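To keep things clear, I will list the structure first and then write my remarks on it.
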Amino acid sequence: MAADRSLQTSSNSGEAIKTPLGVGVTSGEHSNIGGPSGKVWSHYFQNPNREAQKLTYIAPAIVDGESMAELPEEVLEEGAKEWEHALVGFFVGKKIPFRSLQSVLNKKWSVAGKFSIHTTDNGISVFKCETVEVRNWILDNGPWDVWGVHLALRLWERDLPPISSGFTKIPVWVKLMNIPMEYWTVRGLSHLASVLGTPLHMDPATASKQMISFTRICVEM
């Protein structure tokens, strides 16, 4: 990122020291800075009634004299599991207020199951679905809109920051008319849709061949 994500602290000599944002400024030792009446500042931020929100100190690694957070793979896997059925979305051309977004999508999606909405400042939303079936239902029954504004959706994936949409291209539902029957295979439809972009998936009616006058395919364009 272009921004310099660092904090400045002062050394004993008065010289400014840059430390990566979000890590400690000591050499790895856990220190408490004294507050009023000799109490440590951490005392004022403790809430014994919120055990689920309680964090613990984990000594950082020291790399070239700087404190760095090194997360074990099992920690990342635990965090990723919470979002494994999530979708990332944004509205093309307009930002929708959260209350309106929540109200409209609850009416449209709640028939499939439970989901929650998590938003960012730049209009990106993450839709955490309770099950993979809920996620797939949302994808298969698109396209979706709120107030007539198209909602572009993609699968959530690891290492995708919530402030970045990951949308260098937009998933769009396309309808292909009068397709000969011999083309109605996964490979055949993939060949046709690839002319437009990267095929992602077809809708249930296309997959089951219920309606054979046209196909509906989600294509990343």
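Some points to look at:
- Scanning the range 112-145 for residues that are among the acidic types (Asp, Glu), exposed (fewer than 14 other Cβ atoms within 10 Å of the Cβ) and over 14 Å from His85 (Cβ atoms) returns a single hit, Asp121.
For (1) in contact with a strand residue (DSSP E or B) (Cβ under 8 Å, 6 or more places away or on another chain); (2) assigned by TED's automatic domain parsing to the domain that holds His85; (3) within 18 Å of Val219 (Cβ to Cβ), each residue gets a yes or a no:
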{"residue": "Gly113", "(1), (2), (3)": "yes, yes, no"}
{"residue": "Ile117", "(1), (2), (3)": "yes, yes, no"}
{"residue": "Glu133", "(1), (2), (3)": "no, yes, no"}
{"residue": "Asn141", "(1), (2), (3)": "no, yes, yes"}
{"residue": "Leu160", "(1), (2), (3)": "yes, no, no"}
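- Conditions (1) aliphatic (A, V, I, L, M); (2) touching a residue at least 24 places away in the same chain (Cβ under 8 Å); (3) surrounded by fewer than 17 Cβ atoms within 10 Å (Cβ to Cβ); number of the one not met by Val219: (3)
- Within the range 179-193, the set of residues being in a helix (DSSP H, G or I) and among the hydrophobic types (A, V, I, L, M, F, W, C) comprises Met181, Val186, Leu189, Leu192, Ala193.
- Figure legend. Inter-residue proximity from the range 83-104: first residues assigned by TED's automatic domain parsing to the domain that holds His118, second residues assigned to a helix (DSSP H, G or I) and exposed (fewer than 14 other Cβ atoms within 10 Å of the Cβ), beta-carbon distance below 7 Å, spacing 6+ or different chains. Indicated pairs: His85/Val132.
- Residues (closer than 13 Å to Ile96 by Cα and hydrophobic (A, V, I, L, M, F, W, C)) located in the range 118-143: Ile124
- Scanning the range 159-177 for residues that are surrounded by 14 or more Cβ atoms within 10 Å (Cβ to Cβ), modelled with pLDDT of 85 or more and not basic (Lys, Arg) turns up at least one hit.
The values are calculated or read from the model by the stated rules, or taken from the named source; none is laboratory data. Predicted model only: the values in this text are computed from it and were never measured. Glycine gets a Cβ as well: all are built from the backbone with ideal geometry, and neighbour counts include every protein chain shown.
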